[in-house]
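Have a look at the structure below, then the notes.
Rule-based calculations on the coordinates, nothing more; no lab input. Bear in mind the structure is a predicted one, so any value in this text is a computation, not a measurement. Using ideal geometry, Cβ is built from the backbone for each residue, glycine included, and neighbour counts are taken over all protein chains shown.
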Amino acid sequence: MAADRESKLQLVQAHIRDFVDFPKKGVIFRDICPLLKDPASLTAAIDLFEEHVRRNHQEVDLIVGLDARGFLFGPLLAQRLGVGFILIRKRGKLPGATASVSYDLEYGKAEAEVQEDAVAPGQKVLLIDDLLATGGTLYAACELMKQQRAEVLGCMVVIELKDLKGLDRLDPVGVFSLVRF
């Protein structure tokens, strides 16, 4: 079982491509497009997320995907788990009544929204995105779920950039990362 898990992790990592000096000099951009393009590596990523959830969060009610790459992994995982999937989007992208939270980015401010009726009080949720960097977006999404009186069980990401210390911002919420750089 551990060997199978390790081979899946290696397959995922092998399909993450580096772009040096993008979007600006000094940055290494971790590109998941090759992972999404390859059915075996995408399946491996979803398998690993599913194994984590089934082992640690059997009581989950909803998978919450963050705009936009959380939308790529979240529905696949939710379908496998037999639970619902909801969206957290950038401001102005959802119809109907919404709840929102604003948060700081390196270059300004942003706002995340969820439809007011997307999650019921007390529902247990797991958040998913492609990347954890400074933790600002995931932190805001957790706060938005808490505003809605959901119970945040944890967060999941494909890639964690350890040097940017996003985990510190999300303490005490647990973060499960497939790959760490």
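Descriptive notes on the structure:
- The set of residues in the range 135-160 that are in a loop (DSSP other than H, G, I, E, B) and under 13 Å from the mean Cα position of the chain (by Cα) contains only Gly135.
- Residue in the range 43-56 that is under 27 Å from Arg17 (Cα atoms) and either free of Cβ contacts under 8 Å to residues at least 12 places away in the same chain or among the basic types (Lys, Arg) (or both) present: yes
- Scanning the range 26-56 for residues that are touching a strand residue (DSSP E or B) at 6+ places or on another chain (Cβ under 7 Å), in a helix (DSSP H, G or I), more than 12 Å from Ala14 (Cα to Cα) and of a type in the set (A, V, I, L, M) yields a total of 2.
- Residues in the range 113-129 that are out of contact with any His (no Cβ under 9 Å at 6 or more places or on another chain) and either crowded, with 22+ Cβ neighbours inside 10 Å or among the polar types (S, T, N, Q) (or both): Val114, Gln115, Ala118, Val119, Gln123, Val125, Leu127, Ile128, Asp129.
- Residue list for the range 162-181, restricted to those being in a loop (DSSP other than H, G, I, E, B) and in contact with a strand residue (DSSP E or B) (Cβ under 7 Å, 6 or more places away or on another chain): Val173, Gly174, Phe181
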